[in-house]
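Working notes, structure below.
The values are calculated or read from the model by the stated rules, or taken from the named source; none is laboratory data. This is a predicted model, so every value here is computed, not measured. Note: ideal-geometry Cβ built from the backbone for every residue, glycine included; neighbour counts use all protein chains shown. With ligands, DNA and RNA removed, areas are computed over all heavy atoms of the protein, side chains included. Shrake-Rupley method; radii C 1.70, N 1.55, O 1.52, S 1.80 Å.
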Amino acid sequence: MQWPEPTRKTLLLLASLLSTCAPSPAPAQSCGASELAVQVLGSGGPESQDKRASTSYLVWDHGSARVILDAGGGTALRFGESGAQMSQPDVFLFSHFHVDHTSDFPALIFSSWFEDRKRPLPVYGPTGNDFMPSTTEFLHELFADPHGAWRYLSELVEPGQGSYQLQPHNVAPSSTPVLIFRNANMALYAVTVIHGQVPALAWRIDIGGKRIVFSGDTNGEGEGLTQLASHADLFVAHNAVPEGATGVERRLHMPPSVIGATAANAHVKQLVLSHRMLRTLGKENETQTEIKRRYSGPIHFANDLDCFPIK
């Protein structure tokens with residue numbers, strides 16, 4: 001028996017029924033509904049087996065993602081899931097240039113070409129040394145003619161060619177907090193922190209009458225981070241090593257006791273632990289115990305896309 005040729009009307013009806021019955025994707029978590037919030041795009045470190053995106057954060061203000069800090073692997077996907085648009089940020093910040101803080105930066109920037117960004121994007125980060133490029137070098141080595149890895153996007157760093165340009169700035173080392181950027185909505189401060197031999201910065205964002213601080217990767221030496229975090233409404237610290245860590249990992253990162261002491265001495269209102277690695281995952285009780293010996297405020301362990309409103 002030969003079936004009759006389906007009519008156009010029948011095909012349209014079938015397509016409509018299929019689309020109605022297909023499961024809808026779950027709505028992405030968004031901080032956009034908050035007046036002011038920090039969203040953790042990436043809560044992990046450099047390991048793929050932690051099943052987390054690497055380090056990255058968004059600061060939301062009244063429905064717009066105003067600041068991006070770092071862009072480790074997986075950030076571009078999480079950024080899309082957050083509901084943010086690359087046309088929104090006023091500024092892009094780097095803490096340092098390890099791969100797990102930078103590798104998705106080109107993907108985010110290329111995405112901006114498809115999201116109708118028309119204004120410059122200032123990019124601030126540390127100066128360089130024998131181990132790492134400076135912020136200006138990093139951007140030019142990615143995009144500039146004639147030797148940039150993605151030099152087909154050279155108009156991003158060559159003024160007057162494209163719809164908008166990246167504006168890279170090196171932040172000079174300082175052991176005390178320094179004002180780096182200000183606009184009508186916010187002021188940004190940075191301080192140099194110790195992360196082995198890698199130039200690194202901690203950042204503070206003063207916005208909406210609130211103070212948000214990101215430690216970045218640091219072993220916690222010196223007083224600069226405590227000064228930067230003084231009376232912060234939210235302090236994001238990196239929980240990359242357990243208590244008792246020694247050797248290279250201790251020279252790079254703060255153990256829980258140092259995180260707790262820093263939060264207590266700075267009188268921060270709440271603490272978020274991010275950059276969680278395999279060596280700290282599963283040790284949350286021990287971590288919290290060490291911190292609470294010094295710091296009595298609320299403690300949160302971050303996961304990808306977690307949203308922390310600031311009241």
Inside segment 159-187, the number of residues satisfying the requirement of being exposed (fewer than 12 other Cβ atoms within 10 Å of the Cβ) and assigned to a strand (DSSP E or B) is 2
Single match in PRO256, PRO199 (criterion: modelled with pLDDT of 95 or more, over 30 Å from GLU35 (Cβ atoms) and under 19 Å from the mean Cα position of the chain (by Cα)): PRO199
Given (1) polar (S, T, N, Q); (2) farther than 20 Å from VAL59 by Cα; (3) free of Cβ contacts under 8 Å to residues at least 40 places away in the same chain; (4) in contact with a helix residue (DSSP H, G or I) (Cβ under 8 Å, 6 or more places away or on another chain), number of the condition THR102 does not satisfy: (2)
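Does ALA302 qualify as being in contact (Cβ under 8 Å) with a residue 24 or more places away in the chain, over 30 Å from GLY63 (Cβ atoms) and not hydroxyl-bearing (Ser, Thr, Tyr)? Step through it out loud before you land on a result.
Working: in contact (Cβ under 8 Å) with a residue 24 or more places away in the chain: yes; over 30 Å from GLY63 (Cβ atoms): no; not hydroxyl-bearing (Ser, Thr, Tyr): yes.
When the stated conditions are applied, ALA302 does not pass them.
Considering each residue of segment 49-58, count those that are in contact with a strand residue (DSSP E or B) (Cβ under 9 Å, 6 or more places away or on another chain) and either surrounded by fewer than 24 Cβ atoms within 10 Å (Cβ to Cβ) or small (Gly, Ala, Ser) (or both), and give that number.
Within segment 49-58, the first condition is being in contact with a strand residue (DSSP E or B) (Cβ under 9 Å, 6 or more places away or on another chain), and the residues that meet it are 50-58.
Subsequent filtering for residues that are either surrounded by fewer than 24 Cβ atoms within 10 Å (Cβ to Cβ) or small (Gly, Ala, Ser) (or both) retains 50-51, 53-54, 56.
Number of matching residues: 5.
Considering only segment 210-305, give the strands (runs of 3 or more DSSP E) lying wholly within it that have at least 1 residues that are open to solvent by 10 Å² or more (accessible area, probe 1.4 Å) and within 17 Å of THR176 (Cα to Cα). Spell out the reasoning first.
Numbers: elements: 210-214, 234-238, 271-274, 299-301.
Correct list: 210-214.
Can you tell me which residue within segment 118-150, out of those that are more than 27 Å from VAL178 (Cβ to Cβ) and surrounded by fewer than 17 Cβ atoms within 10 Å (Cβ to Cβ), is farthest from the chain's Cα centre (by Cα)? Reasoning before the result, please.
We begin by selecting, within segment 118-150, every residue more than 27 Å from VAL178 (Cβ to Cβ); these are 118, 143-150.
Then keep just the ones that are surrounded by fewer than 17 Cβ atoms within 10 Å (Cβ to Cβ); that gives 118, 145-147, 149-150.
Values: LYS118: 22, ASP145: 28, PRO146: 30, HIS147: 28, ALA149: 23, TRP150: 22 Å.
The selected residue is PRO146.
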Under 6 Å between Cβ atoms, which residue pairs at least 6 apart in sequence (or on different chains) link something in segment 150-176 that is among the acidic types (Asp, Glu) with a partner that is surrounded by 14 or more Cβ atoms within 10 Å (Cβ to Cβ) and in a loop (DSSP other than H, G, I, E, B)? GLU155/GLY162
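Please verify whether ALA28 is modelled with pLDDT under 95 and in contact with a helix residue (DSSP H, G or I) (Cβ under 7 Å, 6 or more places away or on another chain), treating the condition exactly as stated. Even if it seems obvious, please write down each step before you answer.
On the way: modelled with pLDDT under 95: yes; in contact with a helix residue (DSSP H, G or I) (Cβ under 7 Å, 6 or more places away or on another chain): yes.
Taking the combined requirement at face value, the residue satisfies it.
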How many residues are open to solvent by 20 Å² or more (accessible area, probe 1.4 Å) and hydroxyl-bearing (Ser, Thr, Tyr) when one looks only at segment 59-110? 3
Could you tell me whether TYR152 is outside any strand (DSSP E or B), among the aromatic types (Phe, Trp, Tyr) and closer than 15 Å to ASP90 by Cα? no
